[in-house]
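Trainee: Take a look at this one; I'll ask things after.
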């Protein structure tokens, strides 16, 4: 048996095996969904697949050499 840690929107934050010390207010389930549990909501005793959008990749910062080249008008 597993206990689910949910956020306020019922997104699964984590799951753990139930131990005697596991808080009683966590929902308990016999099986976990396939894949990443954080891609699921737990609503009315059912798993709802609702993955978060992937974050945009960061824009790389220019290096000091690139900045100097741009200021000096150096082209490569």
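The values are calculated or read from the model by the stated rules, or taken from the named source; none is laboratory data. No experiment lies behind these values; they were computed from the predicted model shown. Note: ideal-geometry Cβ built from the backbone for every residue, glycine included; neighbour counts use all protein chains shown.
Trainee: Could you count how many residues in segment 66-76 are surrounded by 10 or more Cβ atoms within 10 Å (Cβ to Cβ) and either part of a helix (DSSP H, G or I) or in contact with a strand residue (DSSP E or B) (Cβ under 8 Å, 6 or more places away or on another chain) (or both)?
Mentor: Total meeting the criteria: 5.
Trainee: Can I ask one more? Return the only residue of 13, 32, 41 being surrounded by 10 or more Cβ atoms within 10 Å (Cβ to Cβ), at pLDDT 95 or above and in a loop (DSSP other than H, G, I, E, B).
Mentor: 32
Trainee: Being in contact with a strand residue (DSSP E or B) (Cβ under 6 Å, 6 or more places away or on another chain) and touching a residue at least 12 places away in the same chain (Cβ under 8 Å) is true for just one of 13, 52. Which residue is that?
Mentor: Step by step, each of 13, 52 is checked, and only 13 is in contact with a strand residue (DSSP E or B) (Cβ under 6 Å, 6 or more places away or on another chain) and touching a residue at least 12 places away in the same chain (Cβ under 8 Å).
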